[in-house]
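Here the structure is laid out as structure tokens; the discussion comes afterwards.
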């Protein structure tokens, strides 16, 4: 388990993201679309078009981490905002919805 430092924020990128993007492409999306610094130590979460894939980008202090998850069934529930980002509180996280 990876522990996040106190004060770390989790940002959801609204809308769909091209899941072919890697470290550099997602970091560029954080800067251009979310207007945040990808090296801030905050966590940035992106969802694919079909809703069954997530990528998480996080600067750990000495390197960039990229986590990917693909659901075999169902999809991730996502906020309805079409652009920009959504900030999660500690009480919320992206649950999954069975199909």
Sort 53, 20, 47, 70 so the one with the fewest other Cβ atoms within 10 Å of its own Cβ comes first. 20, 70, 53, 47
Computed over the stretch 10-90: relative contact order in percent, which uses C-alpha pairs under 8 Å that are six or more apart: 38
In nm, to one decimal, how far is the residue 37 label point from the residue 75 one, both placed 7 Å along Cα→Cβ? 3.6
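Going by how many other beta carbons lie within 10 Å of each one, how would you line up 72, 36, fewest first? Numbers along the way, then the final one.
Values: 72 5, 36 16.
Arranged by neighbour count, lowest to highest, 72, 36 become 72, 36.
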Proxy exposure order for 19, 64 (fewest C-beta within 10 Å first) is 64, 19
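Whole-Å semi-axes of the stretch 10-90's equivalent ellipsoid, largest first, each the root of 5 times a Cα gyration tensor eigenvalue? Each step should come with its number before you reach the end.
Details: eigenvalues 73, 41, 28 Å².
Sorted largest first and rounded, they come to 19, 14, 12 Å.
Taken together, the values in this text are just the output of simple stated rules run on the coordinates, not laboratory data. From a predicted model like this one, the values you see are computed outputs, not experimental measurements. Don't worry about glycine lacking a Cβ; one is built from the backbone with ideal geometry, like all the others, and counts go over all protein chains shown.
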